[in-house]
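Read the structure below first, then the notes.
The values are calculated or read from the model by the stated rules, or taken from the named source; none is laboratory data. Owing to the predicted nature of the structure, the values given are computational and were not obtained by experimental measurement. A quick note on method: Cβ atoms are made from the backbone with ideal geometry, for glycine too, and the neighbour counts reach across all protein chains shown.
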Amino acid sequence: MSQIITVHSYRGGTGKSSTAANLAVLLASSGHRVALVDTDIQTPALDVMFGDALGTVRRSLSDYLIGRCEIEEAAYPAEADAGHDGFFVVPARSRAGVINEIMGRGYDVGLLREGFDRLIDSLALDVLLLDTHAGFNNETVTSMASSDALVVVTRADRLDMAGAAETMSLADRLGCGRLSVAVNLVPSGTPHEPLRAKVENAFGAPVTVALPYAPEMAALAGERLFSTAYPHHPLVAGYRRIIADVSNGTTALRRPAPHPPSLP
Amino acid sequence: MSHTKVLLLDEHRRAPDELLATLRELRFEVRRRTPGETLAQAPGELGEPDVLLVSARLAPATVKAVVRRLDDEGRQPTVVAFADHDLHLLGGHVQAGADYLVPPFHPELVRARLRDCHERTEFSRTLQDVAAHAELLSYERELEIGREIQLGFLPDTLPSPDDWEIDVRFRPARTVAGDFYDVFELVNRRRLALVVADVCDKGVGAALFMALIRSLLRHTAEQSGLQNLIAADVLNESTVWEEQTRAIPVVGATPLLNAVVGTNNYLTRNHIRQGYFATLFFGVLDPLTGNLVYINGGHNPPVLVSADGAEPVLLEPTGPAVGVIPDVTFSLGYTQISPGDTLFIYTDGVTEARSGSGRFFGNELMLKQLTEAAVRGEELLDHMDGVLNEFVGPAEQSDDITMMAVHRRAS
């Protein structure tokens, strides 16, 4: 069974995209066939994080949505990050002009779900990981509604948790399946239990993990992925906890289709 | 004018002897009547006068009554008023449109005068006829122009995606029609819109609304983007998508709903008093998978004829006719056209076609013909056309007939 996992946060700056990227790489490194899709058309991040693998982006999710290419053409192999040929990144957009077109004309929302399904089929994926724009826009809501599991990334501050009730209510209505609440950027020395109680009270759901603030992450300045640079850091252990929590138990490497589609 | 028939209208038999003698000399057939006698006479007993000769002493209104009476019998004689002494009495008659005759009543002068009057009347009558005929011609020309313009509201050619055959038969009952069909690409050419609709009523009124409804549907569908429909509805806990377990519309559902709901709202807001509405079937087809999402707005259920001989599936209405109920909800229907299947979309001109004896073609016969026909696509339409022609016989086609066959070739 393939699985769609969405990583979401109510506000920006919570470390959502970093979390999504690291979860994807960890899943891929453990042998799964994974594609990571940047659905954040307004403020994309993955094209920078995976810049080495992507090179000059010519096809993207946005190009697919406005009819310039097929979704499979926008999936870039990122073998170096996974150690095998079953890891792909779909960037949000190819160039600045696309955003004008997509914001001005709009697109058929059904294309998102159809694109996700086609990626799973044609790339023979075990996991499709969706990074989202903060808050609730069409891409985010559609991603959440398409998911089998939702990872909510939040900081333990009042601003982030103000959206907890709304997020949970929407997730409930959309039927997002497994849910994992990850408290991110927790300063060292924060007492664990009061933090947990506060967040669980706001979300009405158990906290999966409290991810420590890692100065090393800031030091990397986005040049490398954290889990690659510091595979034994407690933060990476925290990512693994999330994976264990939302995973549907897929452990075997899924065989690619006998005749995999040709990719750009 | 040797056998000219004259009806001489006079109240007290006071017509001048000189005039009577002249009429006799000219061998005119003369009947003398009072207005009272004329009006009291049974139809057909007034003869067929060429000239109505009236005494100027009669009131013009009385003459008018007699003229009307004659007109009822299909006679329009030349009306000529005569006077002997009281020439001033002629004024009122001339004003009322009559000609006049004054002494001396010499035969040659009277003959010439009456001939002039007659010719003048004939001339003006011919002129009226020509004007009326010209009006009719211009009306027919306008209608012909209307027909040509209406054809421009139908697609020139039908798209033919790989593995699909889409064919149409369109037969208006009159010069202009209320039926229409449309096939066009949607969602960056990833989908095909299929529309068959029937505007209530026939003729020019229906044709005008056909042009409006077709344009609203197509324009809205083609221009329909994201419009935050999904996000707004989901966040507001709206009920639009609640029928689906997942809250995401399939591709094509957004333009489809926007087009039908938007057209319904436009018609009910702006045209509800005119009483025009349309039943329609609007489907959005994915040519790659055969998946079809549709709205059936009070339309005859299209028939999905299966390749494997299974019972045909009817795509029943998912909402009312468009343009009747303000703010009504339309649901989406879903089906799949498998290889070898044919979707037959039609208007009620098919099922309500009448034979010479007044029998309807009907659903059962249509389904039987569709399932038993061994042909598909264009040939199926030829077959249905032939069956309908045979059924109707020489009787006049009473309603517009539209048939669309959407056939997926067997792989």
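Sort through A:GLU166, A:GLU79, A:GLU101, A:GLU70 and tell me the only one that's closer than 24 Å to B:VAL293 by Cα and of a type in the set (D, E, K, R). Exactly one of A:GLU166, A:GLU79, A:GLU101, A:GLU70 is closer than 24 Å to B:VAL293 by Cα and of a type in the set (D, E, K, R), namely A:GLU70. Identification of strands (runs of 3 or more DSSP E) wholly contained in the range B:91-188 with 1 or more residues that are crowded, with 18+ Cβ neighbours inside 10 Å and in the same structural domain as B:VAL284 (by TED's automatic domain parsing) yields B:164-171, B:179-186.
Find the residue count for the range A:138-169, including only residues that are within 14 Å of chain B (Cβ to nearest Cβ), part of a helix (DSSP H, G or I) and hydrophobic (A, V, I, L, M, F, W, C). Residues meeting the conditions: 5. Of the residues that make up the range B:274-294, is at least one out of contact with any Asp or Glu (no Cβ under 6 Å at 6 or more places or on another chain), in the same structural domain as B:SER215 (by TED's automatic domain parsing), surrounded by fewer than 22 Cβ atoms within 10 Å (Cβ to Cβ) and assigned to a helix (DSSP H, G or I)? Yes, there is a match, as at least one residue in the range B:274-294 is out of contact with any Asp or Glu (no Cβ under 6 Å at 6 or more places or on another chain), in the same structural domain as B:SER215 (by TED's automatic domain parsing), surrounded by fewer than 22 Cβ atoms within 10 Å (Cβ to Cβ) and assigned to a helix (DSSP H, G or I).
Which of the residues spanning the range B:381-402 are under 20 Å from the mean Cα position of the chain (by Cα) and closer than 24 Å to B:ALA193 by Cβ? So that I can check it myself, show each step before the final result.
Initial filter on the range B:381-402 (under 20 Å from the mean Cα position of the chain (by Cα)): B:395-402.
Across the range B:381-402, the qualifying residues are B:ASP400, B:ILE401, B:THR402.
Condition check ((1) buried (at least 23 other Cβ atoms within 10 Å of the Cβ); (2) of a type in the set (Lys, Arg); (3) closer than 24 Å to A:PRO212 by Cα) across all residues:
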| residue | (1), (2), (3) |
| --- | --- |
| A:VAL7 | yes, no, yes |
| A:GLY12 | no, no, yes |
| A:SER18 | yes, no, yes |
| A:SER30 | no, no, yes |
| A:MET49 | yes, no, yes |
| A:SER60 | yes, no, no |
| A:ILE66 | no, no, no |
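Just wondering, is there one or more residues in the range B:218-240 that are modelled with pLDDT of 90 or more, surrounded by 24 or more Cβ atoms within 10 Å (Cβ to Cβ), at negative phi and in the same structural domain as B:VAL328 (by TED's automatic domain parsing)? Yes: one or more hits. For the range A:210-239, a residue qualifies if it is in a helix (DSSP H, G or I), under 16 Å from the mean Cα position of the chain (by Cα) and either modelled with pLDDT under 95 or on the phi > 0 side of the Ramachandran plot (or both), and the qualifying residues are A:PHE226, A:SER227.
Please state which one of B:ASP17, B:ASP10, B:ASP99 is in contact with a helix residue (DSSP H, G or I) (Cβ under 6 Å, 6 or more places away or on another chain) and of a type in the set (Asp, Glu). Outline the logic, then answer.
Values: B:ASP17 fails: in contact with a helix residue (DSSP H, G or I) (Cβ under 6 Å, 6 or more places away or on another chain); B:ASP10 fails: in contact with a helix residue (DSSP H, G or I) (Cβ under 6 Å, 6 or more places away or on another chain).
Being in contact with a helix residue (DSSP H, G or I) (Cβ under 6 Å, 6 or more places away or on another chain) and of a type in the set (Asp, Glu) holds for just one of B:ASP17, B:ASP10, B:ASP99, which is B:ASP99.
Check whether at least one residue in the range B:198-209 is of a type outside the set (Gly, Ala, Ser), within 14 Å of another protein chain (Cβ to nearest Cβ) and surrounded by 20 or more Cβ atoms within 10 Å (Cβ to Cβ), and report yes or no. Scanning the range B:198-209 turns up no residue that is of a type outside the set (Gly, Ala, Ser), within 14 Å of another protein chain (Cβ to nearest Cβ) and surrounded by 20 or more Cβ atoms within 10 Å (Cβ to Cβ). Inside the range A:167-178, residues that are within 16 Å of A:ASN201 (Cβ to Cβ) and among the aliphatic types (A, V, I, L, M) make up a count of 1. Residues of the range A:170-186 that are surrounded by fewer than 22 Cβ atoms within 10 Å (Cβ to Cβ) and assigned to a helix (DSSP H, G or I): A:ALA171, A:ASP172, A:ARG173, A:LEU174. Applying a threshold of 9 Å to beta carbon distances and a minimum spacing of six or more residues, or different chains, the list of pairs starting in the range B:127-153 at a residue that is touching a residue at least 40 places away in the same chain (Cβ under 8 Å) and ending at one that is among the basic types (Lys, Arg) reads B:LEU143/B:ARG174; B:PHE153/B:ARG214. Evaluated against (1) surrounded by fewer than 24 Cβ atoms within 10 Å (Cβ to Cβ); (2) within 14 Å of chain B (Cβ to nearest Cβ); (3) at pLDDT below 90, A:ILE41 falls short on exactly one condition, (3). Screening A:LEU36 against (1) within 30 Å of A:ALA165 (Cβ to Cβ); (2) outside any strand (DSSP E or B) leaves a single unmet condition, (2).
Taking the criterion of being in contact with a helix residue (DSSP H, G or I) (Cβ under 6 Å, 6 or more places away or on another chain), farther than 24 Å from B:VAL199 by Cα and either of a type outside the set (S, T, N, Q) or outside any helix (DSSP H, G or I) (or both), the residues of the range B:359-380 that qualify are B:ALA373, B:VAL375.
State whether one or more residues within the range B:381-388 are assigned to a helix (DSSP H, G or I), of a type in the set (Gly, Ala, Ser) and either on the phi < 0 side of the Ramachandran plot or in contact (Cβ under 8 Å) with a residue 12 or more places away in the chain (or both).
Here is the first cut: in the range B:381-388, the residues assigned to a helix (DSSP H, G or I) are B:381-388.
Add one more test, that the residue is of a type in the set (Gly, Ala, Ser), and what stays is B:386.
Applying the additional criterion that residues be either on the phi < 0 side of the Ramachandran plot or in contact (Cβ under 8 Å) with a residue 12 or more places away in the chain (or both) yields B:386.
Within the range B:381-388 (the criterion being assigned to a helix (DSSP H, G or I), of a type in the set (Gly, Ala, Ser) and either on the phi < 0 side of the Ramachandran plot or in contact (Cβ under 8 Å) with a residue 12 or more places away in the chain (or both)), the answer is yes, since at least one residue qualifies.
Evaluated against (1) more than 14 Å from every other protein chain (Cβ to nearest Cβ); (2) at pLDDT below 90; (3) in contact with a helix residue (DSSP H, G or I) (Cβ under 7 Å, 6 or more places away or on another chain), B:ALA247 falls short on exactly one condition, (1). Listed conditions (1) modelled with pLDDT of 95 or more; (2) within 14 Å of chain A (Cβ to nearest Cβ) are all met by B:PHE282, apart from (2). Output the residues belonging to the range B:44-67 that are loosely packed, with under 14 Cβ neighbours inside 10 Å and at pLDDT below 90. Within the range B:44-67, B:GLY44, B:GLU45, B:GLU48 meet the criteria. For the range A:89-131, a residue qualifies if it is part of a loop (DSSP other than H, G, I, E, B), small (Gly, Ala, Ser) and within 13 Å of chain B (Cβ to nearest Cβ), and exactly one does: A:GLY106. Take B:GLN76 and decide whether it is touching a helix residue (DSSP H, G or I) at 6+ places or on another chain (Cβ under 8 Å) and loosely packed, with under 10 Cβ neighbours inside 10 Å. In short, no.
Hey, among A:SER147, A:SER122, which residue is buried (at least 22 other Cβ atoms within 10 Å of the Cβ), of a type outside the set (A, V, I, L, M, F, W, C) and touching a residue at least 60 places away in the same chain (Cβ under 8 Å)?
Residue meeting the stated conditions: A:SER147.
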